[in-house]
Amino acid sequence: MPATWPLTTERLALRPVEPDDFDAIWSYRSRPDVRRWLGGSLDRDEVRQRFLEPEDRRTLLVVLHEGDVVGDLMLIVQDAWSQREAVEQARASVGLLGWAMHPDAGGRGLATEAVRELVRHAFDDVGVRRVVAECFADNEPSWRLMERIGMRREAHHVLDSMHRDLGWQDEYVYALLAEERR
Ligand SMILES: CC(C)(COP(=O)(O)OP(=O)(O)OC[C@H]1O[C@@H](n2cnc3c(N)ncnc32)[C@H](O)[C@@H]1OP(=O)(O)O)[C@@H](O)C(=O)NCCC(=O)NCCS
């Protein structure tokens, strides 16, 4: 069923990103404590360009609290791996999730509330059957968030991911199936 925007929760509204959101997004994404764990460019203009690309605008949502942008969420719909004869059944069945929140909005469960709604949206509105998220193993706030919303740690990759400052790092992969939702 198509989503009705904005999506709302008790304290938050979620809607697709718009070009005018960029300054608010950059105010936290440019902070060392936020970008420490994020991939992608550190260059303002490159990041701005990304947020203006129609392709990316379809995959990025902003999180609003009391009218202000306090974070952003990613939902990229992908095909699951399949044998050749089953490609159609596997199409658009996986939602790859991501998130970044302003630290000023941290520690109150707002990210948890936003990601819980993102997962609901992925299952109910978009129709994926499985959601997946990855993080550096040392990014404890991120994997604790995944565990709070009921995602399962499915993989621990050892020293497989290169961090710009820390070198090779472990990575966790978390997932949840639609039928496993609480
Ligand atoms: C990952 C990130 C979103 C987590 O933020 P967070 O503030 O820890 O998450 P929440 O907003 O859900 O808050 C959780 C905290 O609020 C507390 N809390 C208070 N009220 C709560 C409620 N109603 N519901 C849930 N938690 C609540 C929790 O106990 C928890 O506290 P704790 O960390 O002391 O255990 C944030 O650290 C971030 O943006 N990091 C930088 C970007 C990043 O790493 N992105 C992911 C890359 S993989």
Worksheet item: With the range 49-139 as the region, which helices (runs of 4 or more DSSP H) entirely inside it contain at least 1 residues that are out of contact with any strand residue (DSSP E or B) (no Cβ under 9 Å at 6 or more places or on another chain), under 12 Å from Leu12 (Cβ atoms) and among the basic types (Lys, Arg)?
Response: 110-120
Worksheet item: Residue check, Pro32 against (1) more than 18 Å from the chain's Cα centre (by Cα); (2) more than 25 Å from Ala137 (Cβ to Cβ), all met but one. Which one?
Response: (2)
Worksheet item: Would you call Phe136 more than 29 Å from Met1 (Cα to Cα), aromatic (Phe, Trp, Tyr) and at pLDDT 95 or above?
Response: yes
Worksheet entry | Which listed residue is more than 17 Å from Trp5 (Cα to Cα), surrounded by fewer than 19 Cβ atoms within 10 Å (Cβ to Cβ), under 16 Å from the mean Cα position of the chain (by Cα) and within 15 Å of the ligand (Cβ to nearest atom), from Arg144, Arg108 | Arg144
Discussion item. For a quick check of your reading of the model, give me the residue pairs whose first member lies in the range 27-44 and is among the hydroxyl-bearing types (Ser, Thr, Tyr), whose second is assigned to a helix (DSSP H, G or I) and within 8 Å of the ligand (Cβ to nearest atom), with beta-carbon atoms closer than 6 Å and at least 6 apart or on different chains.
Written reply: Tyr28/Val34
Item to complete: Answer yes or no: is there a residue in the range 44-60 that is closer than 27 Å to Met162 by Cα and within 14 Å of the ligand (Cβ to nearest atom).
Response: yes
Fill in: Checklist (1) touching a residue at least 60 places away in the same chain (Cβ under 8 Å); (2) crowded, with 20+ Cβ neighbours inside 10 Å; (3) more than 21 Å from Phe51 (Cβ to Cβ) applied to Phe136, failing item
(2)
Worksheet entry | Leading residue by the ranking (farthest from the ligand (Cβ to nearest atom)) among those in the range 67-103 that are free of Cβ contacts under 8 Å to residues at least 40 places away in the same chain and over 21 Å from Ala133 (Cα atoms) | Glu85
Practice prompt. Determine if the range 121-139 includes at least one residue that is within 16 Å of the ligand (Cβ to nearest atom) and on the phi > 0 side of the Ramachandran plot.
Written response: no
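The values are calculated or read from the model by the stated rules, or taken from the named source; none is laboratory data. The structure presented is a predicted model; accordingly, all values stated were derived computationally and were not measured. With ideal geometry, Cβ positions are generated from the backbone for all residues, glycine too; neighbour counts draw on all protein chains shown.
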